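*Asks:* Sharing a structure here in structure tokens format.
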Amino acid sequence: VQLQACGGGLVQAGGSLRLSCAASGRSFSSYVMAWFRQGPGTEREFVGAISRTGDFISYADSVKGLFTISRDNAKNTVYLKMSSLKPEDTAVYYCAAKGIWNSLTGPASYAYWGLGTLVTVSS
């Protein structure tokens, strides 16, 4: 599966942004989808993941209640709605895909990655 994230940009602190990740190739609905982010000088960090049907969602503690992951299998797209953004949310955001709902937080467990989209939050 090929993944392409978009929707990043510059936003003021306290603002909102929605990222999209469009998939092409093999059946999108057969993949667990996740979002990761990597800030300047930091390791790639798990943001959240959504199960194949969307019934299960897992978030990093740092974004719980602020970020929302959703997916539309008919459109082969997963979304990340980010609210109340802070400067520390500045990062390149990546979408990723894997087949099984386990080891969600480890980047190495994901077989497919899209190119990232940059989110910059100004103070």
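The values are calculated or read from the model by the stated rules, or taken from the named source; none is laboratory data. Since this is a predicted model, take the numbers as computed values, not measurements. Cβ: placed from backbone, ideal geometry, glycine included. Neighbour counts: every protein chain shown. Each accessible area value is taken on the protein alone, full model and side chains, heavy atoms only, with ligands, DNA and RNA left out. Shrake-Rupley method; radii C 1.70, N 1.55, O 1.52, S 1.80 Å.
*Asks:* DSSP loop (so not H, G, I, E, B), at most 11 other Cβ within 10 Å: list which GluC sites (Glu not before Pro) in region 39-123 pass both filters.
*Replies:* Details: sites: 43, 45, 88; in loops: 43.
Counting only loop positions with at most 11 other Cβ atoms within 10 Å, the GluC sites (Glu not before Pro) in region 39-123 are 43.
*Asks:* Something else now. Can you tell me the Rg and Dmax of region 50-115, counting just the alpha carbons, in angstroms?
*Replies:* 12.4, 34
*Asks:* On to the next question. Using a 1.4 Å probe and counting only protein heavy atoms, arrange 20, 103 so the residue with the most accessible area comes first. Don't jump to the answer; show the numbers that get you there.
*Replies:* Working: 20 25, 103 75 Å².
The most accessible residue leads, giving 103, 20.
*Asks:* In region 1-66, which trypsin sites (Lys or Arg not before Pro) fall in coil by DSSP and have 15 or fewer other Cβ atoms within 10 Å?
*Replies:* Working: sites: 18, 26, 37, 44, 52, 64; in loops: 26, 44, 52, 64.
For trypsin sites (Lys or Arg not before Pro) across region 1-66 that sit outside H, G, I, E and B with at most 15 neighbouring Cβ atoms in 10 Å, the list reads 26, 64.
*Asks:* To the nearest 20 debye, what charge dipole does the chain have about its Cα centre, counting +1 at the Cβ of each Lys and Arg and -1 at the Cβ of each Asp and Glu?
*Replies:* Taking the Cα centre of the chain as origin, the dipole is about 300 debye.
*Asks:* Convert 37 °C to kelvin, take the viscosity as 0.692 mPa s, use the Kirkwood radius over C-alpha pairs of region 1-101 as Rh, and evaluate the Stokes-Einstein diffusion coefficient in µm²/s, rounded to a whole number. Provide the component values of the computation, followed by the final result.
*Replies:* Values: Rh = 13.7 Å.
In µm²/s, the coefficient rounds to 240.
*Asks:* Just to be sure I follow the definition: excluding the sites themselves, where is the longest run in the chain that has none of the chymotrypsin sites (Phe, Trp or Tyr not before Pro) in a DSSP loop with at most 16 other Cβ atoms within 10 Å? Before the final figure, lay out each step's value.
*Replies:* Details: sites that count: 56, 101.
Counting at most 16 other Cβ atoms within 10 Å as exposed, the longest clean stretch of the chain is 1-55.
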